[in-house]
1. Step by step: first the residues of segment 149-172, then only those that are modelled with pLDDT of 95 or more and within 13 Å of Leu27 (Cα to Cα), then the one that is most open to solvent (accessible area, probe 1.4 Å). Which residue is that?
2. Looking at (1) modelled with pLDDT under 95; (2) on the phi < 0 side of the Ramachandran plot, find the lone condition where Lys32 falls short.
3. Is at least one residue of segment 54-68 over 18 Å from Gln172 (Cα atoms) and either at pLDDT 95 or above or open to solvent by less than 70 Å² (accessible area, probe 1.4 Å) (or both)?
Amino acid sequence: MSGGGNMEKPVTPVLLGIDPESWDNQLDNVEKWFEQLQLIQASFRQFAEQTAEKIKEEHIKAEVLSIAKKAKVHEQKIGELYEAIGRATSSTSKMAGELAGKLNSPLADLKGLLGGAHGYWKDLHQLMILNLNALSAFAMAEQLGLALGIMEIPEIVFPILNEKQKNHLLLQEYSLETGAVAVLYNKDFG
């Protein structure tokens, strides 16, 4: 057909030769990934809240608090991902994420100690890495949704990915901005 009108037909996914048991197994695997995602995101949110408390520079503190608030919304959206596959949210992963968020600070302290840096720079740097981990975990969730043809999943995840990319750039900028002072002068920025 040539020319004019848009005669596109909506595309629906077709999985050939998949029996109900295989489909359930795939959904079980996706559910396991969502548990990991929940763990990673809860850890990120918890550490963002802890990091904001340490920051003295007001504009950086305000941005990290905003990131923490968005992280809480992103964490709540994971429940919608479970619903998209007909499953219930795991509370165990959320509790484990809370614990992991509390354990990330000693890792940042060790990295700062080894690098000679002091202050909250090390926390901003660790937060940037945790954000990148969460970004990757959400991106994998999006790919799983696309692979299974559950379009609700990428619709939920895409705006989160967009915000997390912005968060990454901000955290990278603040980490670099405060890092030089932390390393050169052994003190906090500001």
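1. If we take residues in segment 149-172 being modelled with pLDDT of 95 or more and within 13 Å of Leu27 (Cα to Cα), then Ile150 is most open to solvent (accessible area, probe 1.4 Å).
2. (1)
3. no
The values are calculated or read from the model by the stated rules, or taken from the named source; none is laboratory data. Because the structure is predicted, anything quoted here is derived from the model rather than measured. Protein only, heavy atoms only, side chains kept; ligands, DNA and RNA dropped before computing areas. Shrake-Rupley method; radii C 1.70, N 1.55, O 1.52, S 1.80 Å.
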